[in-house]
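Step one of this worksheet: look at the structure below.
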Amino acid sequence: MALVNPHPALKVAVPMNPMVDGWMGDDWFHNGAFREQNMPYIYEQEGTRSNEAKWWTAHFDDYDEYMSAGSAGDLGQRHGLEQMGFWKKILDHPSYDAFWSDQAMDKVLAAQPLKVPVMLVHSLWDQEDIYGAVAVYKAIKPLDKGNDKVFLVLGPWHHGQEIEDAASLGAIRFGSDTGTWFRQNVLRPFLDRYLKDDARGDDQVAKVTAFETGVNQWQKLDEWPAAPGRKPLYLQSGFKLGFSADSANLAFDEYISDPAKPVPFRPRPSQPVGYELPLTWPQWLVDDQREASGRTDVLAYTSEVLTEPVHITGQPIANLVASTSGHGFRLGGQVDRCLSR
């Protein structure tokens with residue numbers, strides 16, 4: 001927000017995991033799908049000035065809690081959320097209208113001159129705001145005519161992990177404390193450059209600093225994505241996956257979806273949102289997905305054993321043709337950026 005008509009005293013900005021557009025992909029909605037697990041956060045933030053009022057639940061498993069209510073609206077009424085101003089705004093603006101687009105920071109910043117050097121810090125497994133940092137990068141990079149004001153960092157972290165011990169995330173270990181490396185080798189020299197009179201001239205950082213998982217190495221790049229290109233991956237008959245269009249699935253696969261038994265996005269028991277161990281909210285993006293793939297209402301496709309590494313960079317695009325026998329059907333989804341092997 002400080003970048004909007006910045007004060008002359010502001011010399012540099014480092015937005016870390018910024019919440020940029022709460023409807024498109026950060027926090028509240030993910031392109032139209034309201035995230036019910038944000039309801040406790042709304043309640044606790046607005047219930048009292050001191051944040052002392054805590055959300056209560058009658059179930060150990062959040063999945064059971066939300067299913068018992070039947071809808072987000074009914075659950076909100078059970079907790080008196082209609083007294084919370086922001087909850088009423090959520091209910092009043094379920095679609096992407098001017099309420100959301102007018103406050104979307106990528107759009108706001110793209111409409112004004114770029115006056116302050118900016119380093120956007122993005123977590124590849126940000127469980128809350130995985131949309132914002134890269135959206136702002138795409139929006140303001142064209143404004144950087146001298147190619148000296150916009151920087152991007154993509155690290156192997158959950159939300160905010162770049163300022164913590166970041167040697168691992170869930171069951172994944174990276175072989176080094178990536179958070180400390182970022183702070184010492186990227187963040188500090190970047191801030192020194194703009195805030196210290198005696199900063200070393202050779203202490204420069206790359207325009208894009210990105211961690212490549214698998215090989216577990218930091219890459220210094222000139223732009224993002226580094227090498228635009230496409231490698232199509234096709235759904236095939238027999239629930240297989242392959243790189244050849246010749247064997248692409250020309251028929252169709254189907255499943256029966258029961259709204260009374262929705263597919264959870266976290267393995268059960270789904271514990272409440274929180275950061276105190278052993279709660280698992282910060283790690284859910286690296287959860288083991290085999291539980292969901294075994295459901296009869298989930299289609300899973302598997303490739304042959306890979307004979308060489310597959311390098312995925314940038315933001316994948318999914319082209320999916322689907323039909324439904326139901327009513328009020330809306331097909332949508334988001335594939336977020338990645339850098340992995």
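The values are calculated or read from the model by the stated rules, or taken from the named source; none is laboratory data. Predicted model, so just to flag it, every value in this text is computed and none were measured. Because the Cβ atoms are built from the backbone with ideal geometry, glycine has one as well, and the counts that use them run over all protein chains shown. Calculation scope for accessible area: heavy atoms of the full protein, side chains included, ligands and nucleic acids excluded. Shrake-Rupley method; radii C 1.70, N 1.55, O 1.52, S 1.80 Å.
Taking 37 °C and 0.692 mPa s as the conditions, I'd like the Stokes-Einstein D for segment 127-175 in µm²/s, using the Kirkwood hydrodynamic radius from alpha carbon pairs.
In µm²/s, the coefficient is 256.
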When the chain is treated as a Gaussian network with springs between alpha carbons less than 10 Å apart, the largest mean-square fluctuation among THR307, THR180, THR48 is found at THR307
One would report the antiparallel percent of DSSP beta bridges in the chain, rounded to the nearest 5, as 55
Under a 1.4 Å probe, counting only protein heavy atoms, PHE243 has an accessible area in Å², nearest 10, of 90
Any residue on another chain or 5+ positions along whose placed amide H is under 5 Å from the amide H of VAL150 is listed here as VAL118
Note to self: C-alpha centroids of segment 9-79 and segment 286-316 sit apart, in Å, by 29
Per the helix-only model, the chain has a calculated mean residue ellipticity at 222 nm (DSSP H runs of ≥4, -39500 (n - 2.57) each, divided over all residues, rounded to the nearest 500) of -5000 deg cm²/dmol
Here the tail fraction of P(r) beyond 28 Å, over all Cα-Cα pairs of segment 114-273, rounds in percent to 42
Where a ≥ b ≥ c are root eigenvalues of the Cα gyration tensor, a/c under 1.5 meaning rounded, otherwise prolate if a/b exceeds b/c and oblate otherwise, segment 251-305 counts as oblate
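Based on the alpha-carbon gyration tensor of segment 107-148 and its eigenvalue square roots a ≥ b ≥ c, which shape applies: rounded if a/c is under 1.5, prolate if not and a/b is larger than b/c, or oblate?
It is prolate, given that a/c is not under 1.5 and a/b is the larger ratio.
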Amide H proximity to ALA166 below 5 Å, modelled H, separation 5+ or other chain, gives THR178, GLY179, THR180
Once the in-chain neighbours fewer than 8 apart are removed, the aspartates and glutamates whose Cα is under 13 Å from LYS54 read GLU44, GLU46
Rounded to whole angstroms and listed largest first, the alpha-carbon spread of segment 1-63 along its three principal axes comes to 51, 32, 15
The ³J(HN,Hα) series, computed from each phi in segment 135-146 with the Karplus coefficients 6.51, -1.76 and 1.60 at θ = phi - 60°, rounded to the nearest Hz and given as x for glycine or proline, is 4, 5, 4, 4, 6, 9, 4, x, 7, 7, 4, x
When every protein chain stays in place and a 1.4 Å probe is rolled, ARG49, ARG266 sorted by accessible area with the largest first are ARG49, ARG266
Expressed as a percent, the portion of alpha-carbon pairs in the chain spaced more than 36 Å apart is 28
Log entry: pair-distance distribution for segment 97-189, C-alpha pairs binned every 10 Å from zero, whole % per bin is 15, 40, 31, 13, 1
Filtered hits (lysines, Cα-Cα < 23 Å from LYS149, offset >= 8 within chain) -> LYS11, LYS107, LYS115, LYS138, LYS141, LYS196, LYS207, LYS220
Rounded to whole angstroms and listed largest first, the alpha-carbon spread of segment 17-101 along its three principal axes comes to 36, 30, 26
Quick tally, 1.4 Å probe accessible area for ILE312, ILE256, ILE140, sorted with the most first, runs ILE256, ILE312, ILE140
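Could you rank the peptides 153-161, 77-85 by their average count of other C-beta atoms within 10 Å per residue, with the highest value first?
Ranked by mean Cβ neighbours within 10 Å, highest first: 153-161, 77-85.
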Excluding ligands, DNA and RNA, the carbon-plus-sulfur percentage of the accessible area of segment 13-124 with a 1.4 Å probe reads 52
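With every protein chain kept in the model, how would you rank LYS261, LYS88 by accessible area, 1.4 Å probe, largest at the top?
Values: LYS261 130, LYS88 105 Å².
The ordering from most to least exposed comes out as LYS261, LYS88.
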Highest mean packing first, using Cβ neighbours within 10 angstrom, the peptides 286-299, 10-23 sort as 10-23, 286-299
